[in-house]
Amino acid sequence: MRWLLVFLIACLLFNGLQHWLARIGLGKLPGDFRFILFGREWYLPVASSLVLSLIAMAVGYFI
């Protein structure tokens with residue numbers, strides 16, 4: 001249940017930071033999904049979440 005909540009919060013953050021993340025190249029990876037639902041564009045960043053998690057894990061490992 002905790003991981004589902006963390007994933008939901010991460011997706012909401014990615015939706016809010018979508019334009020800034022696109023400038024650095026995240027959000028256009030294969031596995032990042034965009035769709036329109038109820039007149040609003042939604043963004044599901046599966047691959048970008050994985051990349052950011054691996055970077056955070058590597059930083060945590062070396063510190």
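The values are calculated or read from the model by the stated rules, or taken from the named source; none is laboratory data. Computed from a predicted structure; not experimentally measured. No Cβ is skipped: glycine too gets one built from the backbone with ideal geometry, and neighbour counts run over all protein chains shown.
Looking at the stretch 1-13 only, could you name the residues that are over 16 Å from W42 (Cβ atoms) and not in a loop (DSSP other than H, G, I, E, B)?
Within the stretch 1-13, R2, W3, L4, L5, V6 qualify.
Residues in the stretch 46-63 that are more than 17 Å from W3 (Cβ to Cβ) and surrounded by fewer than 12 Cβ atoms within 10 Å (Cβ to Cβ): I55, A58, V59, G60, Y61, F62, I63. For A10, the conditions (1) in contact with a helix residue (DSSP H, G or I) (Cβ under 7 Å, 6 or more places away or on another chain); (2) at pLDDT 85 or above all hold with the exception of (2). Taken together, the residues in the stretch 14-45 that are surrounded by 10 or more Cβ atoms within 10 Å (Cβ to Cβ), assigned to a loop (DSSP other than H, G, I, E, B) and either of a type outside the set (G, A, S) or free of Cβ contacts under 8 Å to residues at least 12 places away in the same chain (or both) amount to 5.
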